[in-house]
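This report refers to the structure that appears directly beneath it.
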Amino acid sequence: MIAERLHEVEAEIEKARLRRTQVPKDAPVRLVAVTKNHDVAAMREAIDAGVQEIGENRIQEAKSKFDVLDRKVKWHLIGHLQTNKAKHAVKYFDLIHSIDSEHLAVAVNHAAASIDKIQDVLVQVNLAEEASKSGIHEDGLMDLLKAVDSLENLRLRGLMLIAPNYEDVEECRPLFRNMYGIFQRIRGMEWKRAKIEYLSMGMTHDYRIAVEEGANIVRVGTAIFGQRQY
Ligand SMILES: *Cc1c(COP(=O)(O)O)cnc(C)c1O
């Protein structure tokens, strides 16, 4: 069941990539399978069917899975991170998607330095300026990117967006397009240590549109694993 759904999502990503008009069609897309609230058995099933990257949104849950999952995968932290958990985040995750303040960046940098790691990070942008969501607003973005770039144990890799849950998913399109424009602009800038390459946007309900508009990392849970039981 998981394998079938996974292959369907992979096929949809490929089709969306070929529908691109404003974005190079050949730029590949990485699929992060979001396994929050799903157990290790489901994770193994997905990995055995071809998943290479796992997304979790809570440190505590990821920690418990990390210790028992006997498979080699890349780990993405996609949820909000509290500064006091930075130590765990740098220990477990290959890419942290949710840097949204200088305060948090400094804490993650400090934690990474203490284990002699260069931590790859994305900056999360709250482009729709939703009060309920984390992420930096556009007017503070450049200052935050520069702050992250100045920290020795962080390597800025790009941007992350969680789109609002619009009833009509097409309403996401202008937001994704706008985000791709910002991504292109910062990718063309000179940085000290940043290596900007990734634009993480698109979830189950909107990943096709996100890929069409230039996402090169999508984070998909429900479409692969089914509804989460809380
Ligand atoms: C849960 C989650 C996802 C996946 O959501 P689905 O709708 O299940 O695909 C993606 N990104 C973030 C940040 C999430 O918290």
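Taking all protein chains as shown and a probe of 1.4 angstrom, residue 144 keeps an accessible surface of around 10 Å². For the chain, modelled as a GNM whose springs connect Cα atoms under 10 angstrom apart, the maximal fluctuation among 96, 115, 78 occurs at 115.
Listed values for the stretch 88-101 are Karplus-derived 3J(HN,Hα) couplings in whole Hz (6.51 cos²θ - 1.76 cosθ + 1.60, θ = phi - 60°), namely 5, 4, 6, 6, 9, 9, 7, 9, 9, 8, 10, 6, 9, 8, and x replaces Gly and Pro.
Each residue of the stretch 146-156 was assigned a 3J(HN,Hα) from its phi angle through the Karplus curve 6.51 cos²θ - 1.76 cosθ + 1.60 (θ = phi - 60°); the sequence is 5, 4, 4, 5, 7, 8, 5, 9, 10, 10, 6 Hz, with glycine and proline shown as x.
Cα-based values for the stretch 72-116, radius of gyration first and Dmax second, are 9.9, 32 Å. Leaving out ligands, DNA and RNA, and with a 1.4 Å probe, what % of the accessible surface on the chain is carbon or sulfur? Solvent-exposed carbon and sulfur of the chain make up 48 percent of the total.
Between residue 227 and residue 80, residue separation times 0.36 nm minus the direct Cα-Cα distance comes to 50.8 nm. Counting only the Cα atoms, the stretch 2-225 fills a convex hull of 119 Å³ per residue. The HN-Hα couplings worked out from phi for the stretch 54-69 by the Karplus form 6.51 cos²θ - 1.76 cosθ + 1.60 (θ = phi - 60°) are 10, x, 10, 10, 10, 4, 4, 5, 4, 4, 5, 7, 4, 6, 10, 6 Hz, whole numbers, x standing for Gly and Pro.
Evaluated at q = 0.19 Å⁻¹, the base-10 log of the normalised Debye intensity for the stretch 166-230, with identical point scatterers placed on the Cα atoms, takes the values -0.75. Heavy-atom accessible surface of the chain, averaged per residue, reaches 48 Å², computed with a 1.4 Å probe. Accessible area per residue (1.4 Å probe, heavy atoms of protein chains only) ranks 200, 101, 132 as 132, 101, 200, with the largest value leading.
Helix content alone sets the calculated 222 nm mean residue ellipticity of the chain: runs of n ≥ 4 DSSP H residues at -39500 (n - 2.57) each, divided across all residues, give -12000 deg cm²/dmol.
When all C-alpha to C-alpha distances in the stretch 1-60 are sorted into bins of 5 Å, what percent of pairs does each bin hold, rounded to whole numbers? Reading the bins upward from 0: 4, 16, 25, 20, 15, 11, 7, 2, 0. Rounded to the nearest 20 debye, the dipole size of the chain about its Cα centre is 620 debye, using +1 on the Cβ of Lys and Arg and -1 on the Cβ of Asp and Glu. Computed on the stretch 189-230, with alpha-carbon pairs under 8 angstrom and 6+ residues apart, the relative contact order is 34 percent. Taking amide H positions as modeled 1.01 Å from N, with prolines and chain starts lacking one, the residues under 5 Å from residue 74 and 5 or more places away or on another chain are 53, 54. Among the listed pairs 65/117; 15/36; 25/195; 36/91; 87/133; 15/63, which have their C-alpha atoms separated by more than 29 angstrom in this model? Pairs exceeding 29 Å: 15/63. Cα centroid distance between the stretch 131-165 and the stretch 10-42, in Å? Cα centres, the stretch 131-165 to the stretch 10-42: 22 Å.
The values are calculated or read from the model by the stated rules, or taken from the named source; none is laboratory data. None of these values were measured; they are calculated from a predicted model. When we count neighbours, we look across all protein chains shown, and the Cβ atoms used for this are built from the backbone with ideal geometry, even at glycine. Heavy atoms of the whole protein, side chains included, go into the accessibility calculation; ligands, DNA and RNA do not. Shrake-Rupley method; radii C 1.70, N 1.55, O 1.52, S 1.80 Å.
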